[in-house]
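Trainee: Please see the structure below; I have some questions.
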Amino acid sequence: MFAYRTATDIVDDYIRIGESTTIESLKRFVKAIVEVFGAEYLRQSNDEDVARLLAENEERGFPRMLGSIDYMHWKWRNCPTAWQGMYTGHVHEPTIILEAIASKDLWS
């Protein structure tokens, strides 16, 4: 699911395991990742981390932003036929871009 950014019901179609088994496997995988990497990557930020993140984000054009920008392409199954050319890119099927920005304003 992570590698191909697919939903649980799609995984069921090609590896022949049920949706509930897929979800349970994903939960176990996430728990293992937290156990192995949690101490290093899920810790409180220190002053050095904050300074580095602020500098990186300022270089990207987001001064005073301490946060994350991420996006993903979601397949648009019900895209109107007339619009498909506008919403088809490198994925070769109509997609919508979901963008998420999470930030903490340091000046509030």
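The values are calculated or read from the model by the stated rules, or taken from the named source; none is laboratory data. Because the structure is predicted, anything quoted here is derived from the model rather than measured. With ideal geometry, Cβ positions are generated from the backbone for all residues, glycine too; neighbour counts draw on all protein chains shown.
Trainee: Of everything in segment 60-75, what is hydrophobic (A, V, I, L, M, F, W, C) and under 15 Å from residue 99 (Cα atoms)? Give them in sequence order.
Mentor: Scanning segment 60-75 gives 69, 72, 74.
Trainee: Let me ask you something else. When the residues of segment 12-22 are filtered to those that are surrounded by fewer than 11 Cβ atoms within 10 Å (Cβ to Cβ) and of a type outside the set (Phe, Trp, Tyr), which remaining residue is farthest from residue 99 (Cα to Cα)? Please lay out each step first, then the result.
Mentor: Initial filter on segment 12-22 (surrounded by fewer than 11 Cβ atoms within 10 Å (Cβ to Cβ)): 13-16, 20.
Still in the list and also of a type outside the set (Phe, Trp, Tyr): 13, 15-16, 20.
Details: 13: 28, 15: 30, 16: 32, 20: 28 Å.
Looking at residues that are surrounded by fewer than 11 Cβ atoms within 10 Å (Cβ to Cβ) and of a type outside the set (Phe, Trp, Tyr), I get 16.
Trainee: Out of 59, 40, 48, report the one residue that is out of contact with any Lys or Arg (no Cβ under 7 Å at 6 or more places or on another chain) and within 30 Å of residue 95 (Cα to Cα).
Mentor: One residue alone meets the criteria, 59.
Results for (1) of a type in the set (Gly, Ala, Ser); (2) surrounded by 11 or more Cβ atoms within 10 Å (Cβ to Cβ); (3) out of contact with any Cys (no Cβ under 7 Å at 6 or more places or on another chain); (4) modelled with pLDDT under 80, shown as yes or no for each residue.
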| residue | (1), (2), (3), (4) |
| --- | --- |
| 24 | no, yes, yes, no |
| 35 | no, no, yes, no |
| 49 | no, yes, yes, no |
| 78 | no, no, yes, no |
| 83 | no, yes, yes, no |
| 98 | no, no, yes, yes |
